[in-house]
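Read through the structure below, which is laid out as structure tokens, and then see the notes.
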Amino acid sequence: MPRIAFLLATVTLLCACSGPSTEELRRMQLLEAQRAEAAARQAQLEAQRREQRINNRISSARTAQQQNSQLNNSQIEQLFSATPEQQLSSDQLYYQVFDLQPAKYNYNKAKQSFTIVGMRNLPNSAVYSPLFPDESALYQPGQKAKSVLEFTLKEQTELNRIGQPVLKPRGQRWVAAALNFKNNQQLQTDNQKWYWETGLFEDLSWQVAPEISYPHTVDRDLKLQLGLRFCLLKDRCYLDSSYRKHPTHAVRAEVLSAIIYNQKSGEILAEFVNDQE
């Protein structure tokens, strides 16, 4: 009898070790199918939310462009006040318009390039490291300064001898600082003829014949409208520095949309959008 009991126990143990039963396999397959279905639903929902974000940002940018809506002096003063969140929101987009200065047409590359007037390109910007810290520095020694774009929102100016506004000696500057979207390609467009230049001397290019670009550039009629989302945390997102002895007050921002348009005709030539939340 002890031998029979031993054999029965051995057979039972071998059956238990031979793998899951048919019922268990079916249950596992059902769970896997449910997980795959849930993942597919989540991906579909995220795609819908992404498409809605893109549509909302493009629609908002177009409306602002049509209404010539942009940051006014009161909003800029509030943005750099002690309590910016009282009248502004970190969830809202604010628009600012910049001139596009055309370069000489490049016949070799068949493109018309532009620089953005009022923007500074700061590669490896140690000055702005407090606003844009290097996450890898948390895990290893050293910190790599990031490339930053600085957009002028307001300056203390005076008129020069020919009546043009210029920055006063030691005049203050108020700027928005953003990570260099020319390098990270976060601003995307369906119009492949327009693209961002990664270098320091050109910002934007239009792959087009000269007879098409000339009517827009002869009187410098092209503008760039940026949709900015500001970080309003006073202890993390603001920085005071100096640029050529000009006190500079910066706020961290994200660029979520860009529209290139002709200021005379109102024609929109290209639209860029950041689809991130």
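Of the cross-linked pairs 109/245; 182/234; 144/245, those separated by over 29 Å at the C-alpha level are 109/245.
Taking chymotrypsin sites (Phe, Trp or Tyr not before Pro) that fall in a DSSP loop and have at most 13 other Cβ atoms within 10 Å as cut points, what is the longest piece of the chain between them?
Here the longest segment lacking exposed loop sites spans 1-106.
The share of accessible area on the chain that comes from carbon and sulfur is 51 percent, using a 1.4 angstrom probe.
Volume per residue of the convex hull around the Cα atoms, evaluated for the range 203-264, comes out as 143 Å³. What aspartates and glutamates could a cross-link reach from residue 223, if we take a straight Cα to Cα line under 15 Å and drop same-chain neighbours fewer than 8 places away? Candidates past the 8-residue exclusion: 99, 203, 267, 271. In the context of the full set of protein chains, the range 44-187 has a per residue accessible area of 60 Å² (1.4 Å probe). The residues packed around residue 158, meaning those with a beta-carbon under 12 Å from its beta-carbon, carry a net charge of +2 if Lys and Arg are +1 and Asp and Glu are -1.
Length, then width, then depth: along the principal axes, the Cα atoms of the range 70-116 run 52, 20, 15 Å.
When the chain is treated as a GNM with alpha-carbon contacts under 10 Å, the residue of 29, 185, 87 showing the greatest mean-square fluctuation is 29. Once the Kirkwood radius over Cα pairs is known for the chain, the Stokes-Einstein relation at 37 °C and 0.692 mPa s delivers a diffusion coefficient of 145 µm²/s. A 1.4 Å probe run over the range 215-275, with the rest of the protein chains in place, finds 44 Å² accessible per residue. Going by a ≥ b ≥ c, the root eigenvalues of the Cα gyration tensor, does the range 135-277 fall in the rounded group (a/c under 1.5), the prolate group (a/b larger than b/c) or the oblate group? Here the range 135-277 falls in the oblate category.
Rounded to the nearest 20 debye, the dipole size of the chain about its Cα centre is 500 debye, using +1 on the Cβ of Lys and Arg and -1 on the Cβ of Asp and Glu.
The values are calculated or read from the model by the stated rules, or taken from the named source; none is laboratory data. Since the model is a prediction, treat every value here as computed from it, not as a measurement. Note: ideal-geometry Cβ built from the backbone for every residue, glycine included; neighbour counts use all protein chains shown. What goes into the accessible areas is simple: the full protein's heavy atoms, side chains included, and nothing from ligands, DNA or RNA. Shrake-Rupley method; radii C 1.70, N 1.55, O 1.52, S 1.80 Å.
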